[in-house]
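The values are calculated or read from the model by the stated rules, or taken from the named source; none is laboratory data. Being a predicted model, the structure only gives us computed values, none of them experimental. Every residue, glycine as well, gets a Cβ built from its backbone with ideal geometry; the counts of neighbours run over all protein chains shown. Ligands, DNA and RNA are stripped out before the accessible areas are found, and what is left, the full protein with its side chains, is counted by its heavy atoms. Shrake-Rupley method; radii C 1.70, N 1.55, O 1.52, S 1.80 Å.
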Amino acid sequence: MEKQEIGEVTNRTSTTDFNFIVRANSVKKWDYIEIIHPEVGSVLAQVTDLEKKDSTTIATCIVIGKRTERGFLRKPKTPIEPKSPVYHSNDKIITENLGLSDKGLYVGLLEGRDSLKVRLNAEKLIKKHLAILAKTGAGKSYALGVIIEELAELGIPLLIVDPHGEYSSIKSENTNSDDKKYFELYDIKPGAIKNVKEFSTDPNINVGTYQLKLPIPQDPFTLIQAMPSKISDSQKRLLYSVVKELKETRPKFTFSDLIESLEIEESSAKLSLIPLLQDMKNSGIFSFNFTSSHELIKPGQVTILNLRGAPPIMQETIVQVLVTALFEERKLDRVPPFFLIIEEAHNFMPERGFGEAKSSHILRTVASEGRKFGLGLAMVSQRPARIDKNVLSQANSQVILQVTNPNDLKAISRAFEGVSTQVENEIKALPIGRALVIGASDYPVFVDIRVRKTQHGGRSKPLEFSETISPVSQNNLIYGFNLMVAEKDVVKMEEKDIAKIRILLQPNLFVNVSKGNETYHVLASLTEPAFYRLEDKLEKIKIPSRLGNLSPAQRKVLAYANGSTIAELFMKTGLSFNEVTSIANNLQREGLVKISNNRLFLSENIKDLANLEKLNFFTKPTHINLDGKKIDPEIPEAQVFNWIRLLGGKPVDKRVAYLPFYHITFQDGSEKTMDVLSYSTSI
């Protein structure tokens, strides 16, 4: 078939890029095009931008190159000839030059080419590691699910560190009605992963899982590594001495043995050691009858470490202990090659400026040495800037979905070659479900991630409660937050006998907020003037009552109260000097600002509110079936918008989301109300 000419190259060209005048209406951004170079013949290029002036459309293109006889992708050594004709490229040219394989892990379709499947090389993935990066809600867990399905089909052993229990759903086939519409387009049939074994620290919370147990450390080094916090040199010396004595008298020792031996020591170093060992004993995760490496890693088995409900320090300890043991087993070829997947990777291998996790050291070792022993690593995160940069840079394959945080974009561009400022801008604008995939070919490509075969764990799951809470029914569907603290945990935590537990549903406004180039999710109470923040626990950040009743002039002054002098405020606000002085003094009396050396600063309580990054609520609401008593809202949504604007944010989207609280009635008649996310805050 004769090629259809779509344009003509302009007079300015180079070996890396060129422009052409568009002669056809079918040219779109990211189209693959073909030009004929006088020395090398057909060369593949890609449209990166289109600009229209009057009736003329100019396309900006980058040169991808031509594959040599030896299979290398090379750009021409001389520029494209001006006035050369430009053609749409066909599937054959694109496949050959990009090096798209017909084998490997099918992750999706090449953007704009529904006929071309994009596949990742499984061997390269395991030997050279993978990073899946995206902001919250952009589809990183969904994309990881696709890769898990493909790896499972190849029978590659997988170990998934799952902090929130999202991946249990891979045991079920995809029945989502929206996804079903796209099965034919992506050439996919729904199906569950059969050989899945799921472990957790508490099978009562994570129903259907096996009990995970760690070995009781029998030497000082592993004991110190497994401890909940760092200990001093004098404590280490004492521990070494006590362990040495115990090993001389018995083949195995327990935490109780260690504690008893320490209690008779005279050294004051024992005083803080004993509580640490007591915590390890009481955690319930250490045992002589521990989960073996061969239970975790088997040919063809997908193993999930469901850590939902485990405290962060326990999660870090589990990863540190298990990965250390498995890496040693792999080096001795006692377990088969496997792929280790770390969700919420920034918590398990943080960049040094964000603290040190117990699991950091072993994960750095796996990143740098694992490939030599057939241990691959996948790191999944919504905060690339908070992942250890040395670990992140070890990932030769990347699936990058939408990222908008400037610090995260900088971390990506520093870690991976070929991520230019232009590519950063494209990453910010990616729609949900579309990814920049690096490593599937010799050239980064944009991919529409395929539909899942298995159920996506991000969707709402049925919840089970005992008789003290009304049974779930479809009539109780609400938009709100899943229960992270189970009712049985409440019973364990409370010392008094409980007569009844019921659910109260507090209305909140879940707001999508933009500030500069950043996007945040903010949760504001509709029953009292307060925002919520969730890190290790749920916190309520109260809003000063005067903040919502400021005059326009007061708002102007407050907006610039970031160290400005009275004279500077006079220039910035357009108010008179006397007005600025009077307003500044009034705001100080109200406790909203403080004046120091003639400069205005936000008061401490306002500073917390003004930092939207700290207020960013990462846990997202979803549709859940939950029976509870709804509390009537008292604060208008417009008032919440006013607070957000005063803090420098712009409300973009909003939705009422219910935050459940346990209302507990004790046998003695007393009552208590606590949140279901961390059991730390009352209404």
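Some notes on this structure:
- Projected-area average for segment 48-205 over all orientations - Cα convex hull basis, square nanometres: 14.9 nm²
- Cα-derived Rg to Rh of segment 43-96, Kirkwood definition: 1.03
- In sequence order, calculated HN-Hα J values of segment 212-217 (Karplus, 6.51, -1.76, 1.60; Hz; x Gly/Pro): 8, 10, 9, x, 5, x
- Here is what passes the span test in the chain: the DSSP H helices with alpha carbon length of 24 Å or more along the helix axis and a Kyte-Doolittle mean of -1.0 or above are 233-249, 312-331.
- The local environment of Arg67, defined by Cβ-Cβ distances under 14 Å, has a net charge of +1 under the rule Lys, Arg +1 and Asp, Glu -1.
- Taking a straight line from the alpha carbon of Lys53, these lysines sit under 20 Å away, with near neighbours fewer than eight places off in the same chain left out: Lys28, Lys29, Lys83.
- Residues whose amide H lies under 5 Å from that of Leu538, counting only those 5 or more places away or on a different chain, are Ser678, Ser680; hydrogens are built 1.01 Å from N in the peptide plane.
- Contour minus Cα-Cα distance for Arg12 and Arg70 (0.36 nm per residue): 17.8 nm
- Value of Rg to Rh for segment 13-139 (Rh from inverse mean 1/r over Cα pairs, i.e. Kirkwood): 1.02
- The accessible surface of the chain, taken with every protein chain in place and a 1.4 Å probe, is 48 percent carbon and sulfur.
- Under the simplified labelling scheme, the Asn195-Phe577 pair shows an inter-label distance of 8.2 nm, with each label point 7 Å from Cα along Cα→Cβ.
- Only alpha carbons enter this Debye calculation for segment 531-683, each as an equal point scatterer, and the log10 of I(q)/I(0) it gives at q = 0.20 Å⁻¹ is -1.28.
- Label-point separation, Arg364 to Thr60 (7 Å along Cα→Cβ), nm: 4.0 nm
- Relative pair counts by distance (%), Cα atoms of segment 262-324, 5 Å bins: 3, 13, 19, 21, 16, 12, 8, 5, 3, 1, 0
- Pairwise Cα distances in segment 128-169 exceed 18 Å for 28 percent of all pairs.
- Residue-by-residue Karplus 3J(HN,Hα) for segment 334-346, coefficients 6.51, -1.76, 1.60, Hz, glycine and proline x: 8, 10, x, x, 8, 10, 9, 10, 10, 7, 6, 4, 5
- Square roots of 5 times each gyration tensor eigenvalue, C-alpha, segment 125-244, largest first, Å: 41, 17, 14
- What you get for segment 558-630, charging only the Cβ of Lys and Arg (+1) and of Asp and Glu (-1), is a dipole of about 180 debye around the Cα centre.
- Solvent exposure, largest accessible area first (probe 1.4 Å, DNA, RNA and ligands not counted), of His37, His623: His623, His37
- Taking the centroid of alpha carbons for each part, segment 315-381 and segment 59-82 are 40 Å apart.
- Geometric extent, Cα atoms of segment 565-628 - Rg, Dmax (angstrom): 18.8, 58
- Stretching Ser101 away from Arg23 to a fully extended chain increases their span by 24.8 nm, per 0.36 nm per residue minus the current alpha-carbon distance.
- Highest mean first, the peptides 512-518, 178-184 sorted by other C-beta atoms within 10 Å per residue fall in the order 512-518, 178-184.
- DSSP beta bridges fully contained in the chain are about 75 percent antiparallel.
- q = 0.05 Å⁻¹, the chain: log10 I(q)/I(0) [Debye, one scatterer per Cα]: -0.31
- Compared with the alpha-carbon gap, the fully stretched path from Leu50 to Ser420 is longer by 131.4 nm at 0.36 nm per residue.
- Rule-of-thumb Rg ratio for segment 612-681 [Cα; 2.2 N^0.38 Å; N residues]: 1.42
- Percent of alpha-carbon pairs separated by more than 19 Å within segment 492-565: 62 percent
- Extreme residue, positive dipole direction of the chain, given options Phe253, Ala440, Ile341 (C-beta unit charges): Ala440
- Fraction of the pair-distance distribution of segment 361-417 above 17 Å, Cα-Cα pairs, percent: 36 percent
- Here segment 175-249 is treated as a Stokes sphere of Kirkwood radius computed over C-alpha pairs; at 10 °C and 1.306 mPa s its diffusion coefficient rounds to 91 µm²/s.
- Exposure of Lys540 as accessible area (Å², to 10), given a probe of 1.4 Å and all protein chains: 50 Å²
- Calculated log₁₀ intensity ratio I(q)/I(0) where the Debye formula runs over C-alpha points of segment 82-155, q = 0.22, 0.23 Å⁻¹: -1.09, -1.15
- Segment 47-141: chymotrypsin sites (Phe, Trp or Tyr not before Pro) falling in loop per DSSP and having at most 11 other Cβ within 10 Å: Phe72
- 3J(HN,Hα) from dihedral phi, segment 487-496, Karplus parametrisation 6.51/-1.76/1.60, rounded to Hz, x for glycine, proline: 4, 5, 5, 4, 4, 5, 6, 8, 7, 7
- Under the convention that each Lys and Arg Cβ holds +1 and each Asp and Glu Cβ holds -1, the size of the dipole of segment 493-651 around its Cα centre is about 340 debye.
- Note that the chain presents 47 Å² accessible area per residue, ligands and nucleic acids not counted, probe 1.4 Å.
- In the chain, helical runs assigned H by DSSP with n ≥ 4 each contribute -39500 (n - 2.57); averaged across all residues and rounded to the nearest 500, the mean residue ellipticity at 222 nm is -8000 deg cm²/dmol.
- Each label point was placed 7 Å from the Cα along the Cα-to-Cβ direction; for Ser234 and Ser680 their separation is 3.2 nm.
- If you model segment 322-397 as an ellipsoid using its alpha carbon gyration tensor, with each semi-axis the square root of five times an eigenvalue, the axes come out at 22, 12, 10 Å, biggest first.
- Placing a label point 7 Å from the Cα of Phe288 along the Cα-to-Cβ direction, the residues of segment 248-282 whose backbone N falls under 14 Å of that point are 250-258.
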